[in-house]
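Everything on this sheet refers to the single structure shown next.
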Amino acid sequence: MLTRLGRPSVASIALLVVLTGCSGGDDEDTEGAEAAADDLATALAAGDFTDLELDGATSKQVRRDFRATVGRMGGLEPGVEVEDVEVADGGDTAEVTLSWSWPVAEEQPWTYDSTAELSRAGDEWQVTWARGIVHPELDAGAVLDATTIAAKRGEITGAGGRPIVTERQVVDVGVDKSHVTPARAEELAHRVAEVTGIDAGPYVKQVKAAGNQAFVRAITYRVEDIPKPVHDLADGADGVAVIEGKLPLAPTREFAAPILGSVGEVTAEMVKEHPDLYSVGDRAGLSGLQARYDEQLHGRDGVVVSAVAEDGTETELFRLDPTDGEPLALTMDVRLQTEAERTLAGVGPASALVAIRPSDGAILAAANGPGNGGQNLATFGQYAPGSTFKTVSALALLRAGLKPDSPVSCPPTTVVDGRRFKNYSDYPSSALGRIPFRTALANSCNTAFIGERGRVKGTGLFDAAASLGMGIDHDLGFPAYFGKVEPAQSETEAAADMIGQGRILASPMTMATVIASMQRGEVVVPRLVESVEVSPPDVQPLRKGEVQALRGMLRGVVTDGSGRGLADVPGPEVIAKTGTAEFESGNGIQTHAWMIAAQGDLAVAVFVDVGDSGSGTAGPILEQFLRAAR
């Protein structure tokens, strides 16, 4: 794709006026010609001919002609040096050799020589203006034109090298002014804005300002997404054009959009902040992985410079071919990501689903529901994990001496420093009283875990979380929140922390990592970008006995507790934990709904911002995904 070159390079070459050789004429003739050559080089580099002595033209005329000659060079500023001045015998004329250097590409400027004729009128040397001074291939009426050759953007690939973001068919819809009068073009701009739903004011202004031969894009659609009213308008109105093209896009508009990000025309802020990289009309990554890895994905644009005659004939003078962008490889599984997004499609509140492969930490799916408003809650959300955190608390208590069959007290309510804690509303009465620790976890008894908090000393809760991959940050090459587990500041906070509230925070990715670490039997560090390597943190390792005990207790959640909905999922045994976490909102006290599970080499976390319960709200989503993932 060719586009007009639009920005000065950071390698813009400062003006150097160097007299490197002279011949012919006496010393006085030579000095005068050298001074005139000096003035010419200065004027050409600056585009200002006010102080230049000219033969047969005014400085205003030359300035206008020069600007027309180089106006399609995208605002680039040339460096001009005087290579040689040769005074003819007789001392009335001289030929100046000029060396030009245009910063058309940072890696390779365009250089060449041209000549200019000087003549003497009395004591003054004057320049005879001609477009050939700018380049020897230019005759009267010809101009220079620099056109960017866009590099092909690198693909974003998923598991097995399957393309995620790749070139897909699109259409640009807009007004083609070459087919209509200016008044009709303005009328059509209003109509296009109305049909496409864009803001009419800026678009109409853009159409009015464009040249009479311009096509002014209003909106870009995937081919399969063009609304029928837009089709009908384009078919029925001369001057409304639909132009086919290709853009790097994911399989659907929604596919992992908050994580992948978008590519589009650079913003004014981007141009202002990085004028060496961007100019108006450039395309670049604007958000997400597309922005973070833009330099890798974008590659290096090429450029072609041509001499364009008055009849439109082009003569190529310089070419630098583009270097295509490099692909970005992800661990994301296209099928599982699609399934994850399908399971969340009907969820109204904010929601997320993250799936991790425990054996190597690969993130296979990181889906954000339609209620997220475009935010990446899957890997960067920060919420109280509720009773899914009891997986961590249970590990801390096992390390403190409890065993799965150890008796613990599970009363309906308990009070800590004046604050009353209770179990969830439909907690089974059969699991109250003195019950085995495994039963307390299976049924998610809040009061039992709170009652045993005194066993966990010092950093015991943090250490247990770290052993399961929670609470220690890593730079994974994408926005990732690993949760917060800090020392409690009060007894009340210590009680709340045991059940995943208080100051405990996690993302869905965090809780998927916790259950993945338990399934694997050692700490898992999730990964999404294949090129980013992260070493496991130095944490207290999981012992075989701890793993066996906790896996058995989490299996009990499915067979005898709040996760019974997963009991008949085909395939290997499922371990799981449900969770709810209360929070205050404008509608009073509401609850986050969570569920985490692992089956075979798959670990999954589901989060719904507002729900009735983990088992009732998040559970069916998780079950649907596990069944689809087989």
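Any read-out appearing in this document is the output of simple, stated calculations on the displayed coordinates, not a laboratory observation. What you see is a predicted model; the values in this text were computed from it and never measured. Here the Cβ positions follow ideal geometry from the backbone for every residue, glycine too, while neighbour counts run over all protein chains shown.
Things worth noting here:
- With R₀ fixed at 35 Å, the C-beta to C-beta distance from Leu277 to Gln61 puts the FRET efficiency at about 0.40.
- Ascending count of other beta-carbon atoms within 10 Å, so fewest first, for Phe607, Phe66, Phe437: Phe66, Phe437, Phe607
- Exceeding the 30 Å Cα-Cα cut-off - candidates Lys60/Lys205; Lys208/Lys246; Lys457/Lys544; Lys403/Lys577; Lys208/Lys272: Lys60/Lys205
- The GluC sites (Glu not before Pro) of region 529-629 that meet both conditions, a loop assignment by DSSP and at most 12 other Cβ atoms within 10 Å of the site Cβ, are Glu533.
- 16 Å reach of a label modelled at Ala400, 7 Å along Cα-to-Cβ, counting backbone N of region 428-464: 437-438, 440-441, 445-464
- As computed over the chain, the Cα convex hull volume per residue (Å³): 202 Å³
- Between Gln382 and Asp321, the modelled labels are 4.9 nm apart [label points 7 Å from Cα along Cα→Cβ].
- Placing R0 at 41 angstrom, the Cβ-Cβ distance between Ser535 and Ile149 gives a FRET efficiency of 0.50 after rounding to 0.05.
- Region 156-299, relative contact order in percent, only Cα pairs under 8 angstrom and at least six apart counted: 26 percent
- Restricting attention to the chain, close to 95% of DSSP beta bridges with both partner residues there are antiparallel.
- Summed residue charge, Cβ within 11 Å of Thr413's Cβ, Lys/Arg positive, Asp/Glu negative: +3
- Net charge contributed by nearby residues that have their C-beta within less than 14 Å of Gly552 (K/R +1, D/E -1): +2
- FRET efficiency for the pair Thr50 and Ile243, taken as 1/(1 + (r/R0)^6) with r the Cβ-Cβ distance and R0 = 45 Å, rounds to 0.55.
- Of the trypsin sites (Lys or Arg not before Pro) found in region 232-306, those in coil by DSSP whose Cβ has at most 14 other Cβ atoms within 10 Å are Arg253.
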